[in-house]
1. List the extent of the Cα atoms of region 21-151 along each of their three principal axes, largest first, rounded to whole Å.
2. Taking amide hydrogens as modeled 1.01 Å from N in the peptide plane, which residues meet the under 5 Å criterion relative to Ile23, leaving out close sequence neighbours?
3. For Lys116, which lysines qualify as cross-link partners when the Cα separation must be under 29 Å and same-chain residues fewer than eight apart are set aside?
Amino acid sequence: MRGAYLGAAATLCLLAACQPGPISQADEDAIRASTSAFAAAASAGNVDGMTAGYASDAVLQPPGQPAAVGTAAIHAAWAAISAPMTVQLTLTATKIAGQGDVAYAAGSYHIIFHMKDTTQASPPPEDGKWMNVFWRQSDKSWKIVAGSWNANTMPGAPAAPVPPPARGRRH
């Protein structure tokens, strides 16, 4: 009986040793650099740079549009989104985590739009949130395999109601 317990304990130890550990600080820094490179490329109007951080089979899920699958479709989506305007994009990663060869980054964004046709009014600045899933590639780089974002407010939606004032207890 003692041998069975030792065998089970040894198996559990082996299984625990096979579990991937959390990503390293260097991995987190690489993902943060990828995020910064994307924001710089978007602000420069560089669609090739915006697409460079995606894996060949990645999925981009823009709000209110069909998903774009693969780098050619993602490049086309970013080109269409960028065609009428230039932007100033700020991305803030608030969480980067993962295990082994899979990680995610989530955060907030602030974007300012400038229409290329100056006779058209620019949309108001937008604040929102984003999330990207990264896979470590065979060359050890991190590439986005799934990405999505959306604004904190819906276009044309009324502002969130102000909560009523707190009521104190009457004595």
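1. That works out to 54, 28, 24 Å along the principal axes.
2. Gly98, Gln99, Gly100
3. Within reach: Lys129.
FYI, it's all coordinate maths here, none of it is from the lab. Every value quoted in this text rests on a predicted model; they were computed, and no experiment measured them.
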